[in-house]
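Contents: one structure, followed by commentary.
What follows is calculated from the coordinates using simple rules that are stated; it is not laboratory data. Source: prediction; values computed, not measured. No Cβ is skipped: glycine too gets one built from the backbone with ideal geometry, and neighbour counts run over all protein chains shown.
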Amino acid sequence: MRSIAVSVAVGLLGAAVATWFFGWIAGLVPFILLGIGTQFFLTRRVGKFVEVEMTRVPALLQERKVDDARRVLEGIRNRWGPWQPLLSGAMDAQIGMLEYMQLHFDAALPLLKRGTFRNWMAVTAIGCIHWRKGDKAAAKKAFGDAVTTGGADPMAFVVPAVLLAEAGDGTEALAMLAKGVTAHPKSELVLGLQRTIANKGKIDRSKLPEAWLQFFPEDLARQMMVRGRKGGPDPRMPTAPAPKWGARSAPRR
């Protein structure tokens, strides 16, 4: 990474000057302080550029300009990826989510895998792809990883619980939701789904939050067809908020 190389070079320069005047032990302090300070400055600087460019993506998706949105993400990756640790993988995961929303699951999978660090949405999407392919073991592993990564979002528990319940594994679904209740004791979404599954009720996907459609765009396609027949409004593709880039790199769909 260029930012790391620059930070090390600045630290070494400071260390060399301090060593010349005060000895090698004194050179350690400027090496550490200048190296960390330079890395922090470059990370924040690059983060601001990325954040500005990312603001274009939701608007393009709302206008159904998916190819243009992809080009923006690729431009960010190619331009700033060498400067920001983990940024290239984060942009690949964003591009993977675009492929995913277009039902291009085989194309999405390798892209999503490149951006799983602290990205529960990418990991959950990977689990959903494995589930569709019938690899339940790989799917459950991914869902478990997603809960560890994204426990702050109730959907990390809801998505696998719904799939498990629909597959007839209510016990495992309730075990997942029990973890969700622990993490979100006041979430009506988690508590309501827990009651439904515990009472062996039928889950109505159409009543799940819009965030569900991020993982099951085929449900969105069906809703669009139904609304089209009824003459209702044509729902737009759900868009992911742009990730915040600062001192730490964390992607979101």
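Restricting ALA107, ALA156, ALA139, ALA165 to residues that are closer than 20 Å to PRO217 by Cα and in contact with an Asp or Glu (Cβ under 7 Å, 6 or more places away or on another chain) narrows the list to ALA107.
Scanning the stretch 108-143 for residues that are in a helix (DSSP H, G or I) and either surrounded by 15 or more Cβ atoms within 10 Å (Cβ to Cβ) or β-branched (Val, Ile, Thr) (or both) yields a count of 24. Checking each residue in the stretch 199-214 for being assigned to a helix (DSSP H, G or I) and not aliphatic (A, V, I, L, M) picks out ARG205, SER206, LYS207, TRP212, GLN214. How many residues are part of a loop (DSSP other than H, G, I, E, B), of a type in the set (Gly, Ala, Ser) and under 12 Å from ASP153 (Cα atoms) if we restrict to the stretch 168-198? So the count comes out to 1. In this structure, does LYS113 turn out to be closer than 30 Å to PRO85 by Cβ, among the charged types (D, E, K, R) and free of Cβ contacts under 8 Å to residues at least 40 places away in the same chain? Judged against the criteria, LYS113 is a match.
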